[in-house]
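First up is the structure itself, then whatever we jot down about it.
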Amino acid sequence: MAAKASRLAHHTAIVTGASSGIGLAIAEAMAAAGCAVAVNYHSHAEPAQELVDRIVEQGGRAIAIQADVSKEADVVRLFDEAARAFGRIDVLVSNSGIQKDAAIADLSLDDWNTVIDINLTGQFLCAREAVRRFRAQPTSGRPARSAGVIITMSSVHETIPWAGHINYASAKGGVHMFTRTLAQEVASDGIRVNAIAPGAIKTPINRDAWESNEELTKLLRLIPYGRIGEPGDVAKAAVWLASDEADYVTGTTLYIDGGMSLYPEFRDNG
Ligand code: NAD
């Protein structure tokens with residue numbers, strides 16, 4: 001327990017979209033590993049503040065910061081407020097994302113743009129700010145071997161096409177190349193950049209897919225490991241990627257999907 005608790009000791013992180021689902025679990029797990037956490041939320045202040053209170057009660061450090069990751073000024077303010085509170089920023093977990101699903105013939109330009117703005121442009125705005133801050137921070141007294149860590153939240157749909165979700169799949173496909181290109185560009189600065197690609201994780205974003213037994217049974221056919229994922233499954237991986245244990249890992253996507261990306265249709269000899 002002691003070794004685990006110190007994994008991110010003296011680190012500070014910003015986790016976007018941390019008032020629910022995967023982001024909330026990541027913020028909580030990072031705090032449990034010793035990290036000071038800026039809990040970003042977009043519109044739900046209450047669960048963000050409850051999480052902060054829980055972390056502080058357990059002896060950790062956390063603050064809640066409202067910001068829309070698709071707005072440049074909001075993102076700069078998010079980093080300013082986190083840096084003011086904690087002195088430095090070592091880790092960005094760029095987790096925010098939404099779905100606005102429709103078949104292409106019915107998809108409005110607004111819903112195309114909103115998903116691209118939040119799921120892809122939001123990655124750009126947050127990562128750009130993180131790189132600027134990581135480069136400007138003093139090189140001595142770093143808590144980690146790296147000069148900073150960026151974790152982007154992708155999806156199995158960075159590679160699996162998804163009819164009826166073309167805005168989402170296009171954004172996540174973009175996150176894939178964004179992550180690899182950024183990793184290549186900033187590796188010589190000592191900055192590590194990796195993506196996490198969850199499969200089906202039980203959160204508000206996909207409630208329709210797990211709420212009824214019928215839908216869940218349908219979903220489980222796509223998951224060779226035979227269960228839906230929990231936010232904690234992703235959070236553990238994020239803690240590892242942020243820590244020095246992953247010091248030689250950059251430019252990769254870690255799939256956390258119970259085998260969903262393994263072409264389950266071919267399980268029975270194709
Ligand atoms: P969620 O809906 O609980 O979380 C999404 C978070 O993003 C919410 O907290 C929301 O407030 C925040 N958000 C939305 N718009 C924002 C904005 N403009 N600025 C800042 N924050 C904003 O769902 P989740 O499943 O926890 O999703 C988290 C991430 O994981 C998303 O990027 C999603 O695409 C990805 N993902 C989820 C699954 C899954 O099965 N749940 C699978 C693959 C990828």
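The values are calculated or read from the model by the stated rules, or taken from the named source; none is laboratory data. No experiment lies behind these values; they were computed from the predicted model shown. Glycine also receives a Cβ, built like all others from the backbone with ideal geometry; neighbour counts cover every protein chain displayed. The protein model used for the area step is the full one, side chains on, heavy atoms only, and it has no ligands, DNA or RNA in it. Shrake-Rupley method; radii C 1.70, N 1.55, O 1.52, S 1.80 Å.
Taking the chain on its own, what percent of its Cα-Cα pair distances exceed 26 Å?
Values: 14101 of 36315 pairs.
The answer is 39 percent, as a whole percent.
Hey, what's the chain come to in accessible area per residue, 1.4 Å probe, Å²? If you can, show how the numbers build up before the last one.
Details: 13000 Å² over 270 residues.
For the chain, the per-residue accessible area is 48 Å².
Which semi-axis lengths, in whole Å and largest first, follow from the square roots of five times the eigenvalues of the Cα gyration tensor of the stretch 10-61? Before the final figure, lay out the partial values.
Working: eigenvalues 52, 26, 14 Å².
Computed over the stretch 10-61, the values are 16, 11, 8 Å.
Quick one: compute the contact order of the stretch 1-66, relative version, from alpha carbon pairs under 8 angstrom and 6+ residues apart, as a percent.
Working: 124 pairs, mean separation 21.2, N = 66.
For the stretch 1-66, the relative contact order is 32 percent.
Quick one: work out Rg over Rh on the C-alpha atoms of the stretch 168-242, Rh as Kirkwood radius.
On the way: Rg = 15.7 Å, Rh = 14.5 Å.
So for the stretch 168-242, dividing Rg by the Kirkwood Rh gives 1.08.
Which whole-number percent is the relative contact order of the chain (Cα, under 8 Å, 6+ apart)?
Numbers: 536 pairs, mean separation 51.8, N = 270.
Over the chain, the number comes to 19 percent.
Write out the trypsin sites (Lys or Arg not before Pro) in the stretch 89-172 meeting two conditions: DSSP loop, and at most 13 other Cβ atoms within 10 Å of their Cβ. Walk me through the numbers on the way to the answer.
On the way: sites: LYS100, ARG128, ARG132, ARG133, ARG135, ARG145, LYS172; in loops: LYS100, ARG145.
Hits after loop and neighbour filter: ARG145.
Give the carbon-plus-sulfur fraction of the accessible surface of the chain in %, rounded to a whole number; probe 1.4 Å, heavy atoms of protein chains only. Write down the numbers at each step before the final one.
Numbers: 6900 of 13000 Å².
The value for the chain is 53 percent carbon and sulfur by accessible area.
Quick one: angle between helix 231-242 and the longest Cα principal axis of the chain, in degrees between 0 and 90, rounded to 10, please.
40 degrees
For the stretch 60-109, what is the Kirkwood estimate of the hydrodynamic radius, computed as the reciprocal of the mean inverse distance between distinct Cα atoms, to one decimal in Å?
On the way: mean 1/r = 0.0743 Å⁻¹.
By the Kirkwood definition, the hydrodynamic radius is 13.5 Å.
What residue among SER212, ALA83, HIS157 has its Cα farthest toward the positive end of the dipole of the chain, where the charges are +1 on Lys, Arg and -1 on Asp, Glu, each on the Cβ?
Selected residue: ALA83.
What 222 nm value per residue comes from the helices of the chain, counting each DSSP H run with n ≥ 4 as -39,500 (n - 2.57) and dividing by all residues, nearest 500 deg cm²/dmol?
Numbers: 10 runs with 112 residues, N = 270.
After summing the helix terms and dividing by residue count, I get -12500 deg cm²/dmol.
Over its Cα atoms, what ratio of radius of gyration to 2.2 N^0.38 Å does the stretch 43-184 give? Don't jump to the answer; show the numbers that get you there.
Details: Rg = 16.9 Å, N = 142, 2.2 N^0.38 = 14.5 Å.
Compared with the compact-globule rule of thumb, the stretch 43-184 sits at 1.17.
Rounded to two decimals, what is Rg over Rh for the stretch 106-262 when you use alpha-carbon atoms and the Kirkwood radius?
Working: Rg = 17.1 Å, Rh = 16.8 Å.
Result: Rg/Rh = 1.01.
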